[in-house]
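**Q** Could you have a look at this structure, given as structure tokens, before my questions?
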Amino acid sequence: MILEQTDAEYIAGRFTDYMSNYNRIDDHMRMKKLERIKSLPATLPGCEPENMLFSDFDIHPNDMEFEIFEPSPTEFSTMVEITSSFCNENSFGKEIKFIVREKNTGKYVGFCRVASPFINSKPRNDWFGCVPDLRSFNKHAVMGFIIVPAQPFGFNYLGGKLLALLCTSHEFREMFNKKYDMETCLFETTSLYGNIKQASQYDGLKPFLRYTGDTLSNFVLAFSDDFWNESLDWFASRNNGEPLFPREGIASYKLKMQNKMMSVIKNSLKYHNSNELLAFSNAIQANKDVTTQKRFYISTYGYENSKNYILGTDKTLIKSKENFDKHYSENIIRWWKKKASSRYENLVAEGRLRRELEVWSPESMDKIDIIR
């Protein structure tokens, strides 16, 4: 599709003006978060979702017990929106969404979504020493997309580490295997804030989870829903009333449509106006520079040869005598309790224990550090 020159120059200007609004990643994150929070359904007094978040901060980690369960899609989505500073998109393919609940209080301490991994990843390819065959890889690997503790449970008790550890447990691995007839032997995830923060909640979790490198960062920030819908309608009006390509069955539709719109603009400017093309390309690059590289982590669930098994050079998975049993949830929680107890006791002694729930709302938007 090649736009008329006036249309190409107009829409290029609209995109450039929009992208110039976000010179920092936290500006963009706040915009997306406010947009999502405003769209949440109203609740009756006393039934607010935040009432389900863990709030009894006099409980010592050693006295806690945990369970995981799969909630309804609506409950999961609502709880994640009020808890996570990042706006997460749904995807097609395999996934399990689960909530971690502290048994004594019946309150939620965190939320996880584990799903089919990204198609390609530089640190993963570096770890394998090649680009693995995707059919084999997808039978054996999963990725953590949402690993979000309620706050201040996360701060007071190292809650993010607990959630990440449970994602590497044999119990969770077997849930995925049963649901999708898989033989899972590799878990991967990325830090949320990338190289704008020196530390990640996934650091210090060896041998359960190991850092393997940084992802590449070469993408335009996701548009707001309002601007994306406006642009979608504008392009459809110049394409005989039809979207540039249909939505049905396409994973990451919004991102792919966003890229398609920019591709049409660039191709049209290439045909009509090389100076405008250069200006538009520079605006795209400036927007990409706002994004960050993310730290990439993997777990092999205590198998010695996950890499070779996925590549097909080994025909049988080998359990590590040293590490395999550590991945049972009982042992994981025992390991976490030692770390969390030290953290909790130090915070109490120093008078730094946090007691106020951090819940995203239009009123709290400027009161909570979004890079947390």
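**Q** Give the residue, chosen from Lys326, Lys338, Lys307, that is in a helix (DSSP H, G or I) and under 22 Å from Arg135 (Cβ atoms).
**A** Criteria check complete, one pass: Lys307.
**Q** Could you give every pair whose Cβ atoms fall below 6 Å, whose first residue belongs to region 268-293 and is assigned by TED's automatic domain parsing to the domain that holds Ser20 and at pLDDT 90 or above, and whose second residue is surrounded by 15 or more Cβ atoms within 10 Å (Cβ to Cβ) and assigned to a loop (DSSP other than H, G, I, E, B), counting only separations of at least 6 or pairs across chains?
**A** Within 6 Å, the pairs are Ser268/Leu3.
**Q** Please work out if Leu317 is closer than 27 Å to Leu134 by Cβ, in contact with a strand residue (DSSP E or B) (Cβ under 9 Å, 6 or more places away or on another chain) and of a type in the set (A, V, I, L, M).
**A** yes
**Q** Counting only residues that are of a type in the set (A, V, I, L, M, F, W, C), surrounded by fewer than 14 Cβ atoms within 10 Å (Cβ to Cβ) and modelled with pLDDT of 90 or more, how many does region 219-247 have?
**A** Residues flagged as of a type in the set (A, V, I, L, M, F, W, C), surrounded by fewer than 14 Cβ atoms within 10 Å (Cβ to Cβ) and modelled with pLDDT of 90 or more within region 219-247 amount to 1.
**Q** Do we find that Ile332 is in contact with a Cys (Cβ under 9 Å, 6 or more places away or on another chain) and either at pLDDT 95 or above or part of a loop (DSSP other than H, G, I, E, B) (or both) in this structure?
**A** When the stated conditions are applied, Ile332 does not pass them.
**Q** Somewhere in region 297-317, is a residue under 25 Å from Lys161 (Cβ atoms), surrounded by fewer than 17 Cβ atoms within 10 Å (Cβ to Cβ) and small (Gly, Ala, Ser)?
**A** Scanning region 297-317, I find no residue that is under 25 Å from Lys161 (Cβ atoms), surrounded by fewer than 17 Cβ atoms within 10 Å (Cβ to Cβ) and small (Gly, Ala, Ser), so the answer is no.
The values are calculated or read from the model by the stated rules, or taken from the named source; none is laboratory data. Bear in mind the structure is a predicted one, so any value in this text is a computation, not a measurement. Because the Cβ atoms are built from the backbone with ideal geometry, glycine has one as well, and the counts that use them run over all protein chains shown.
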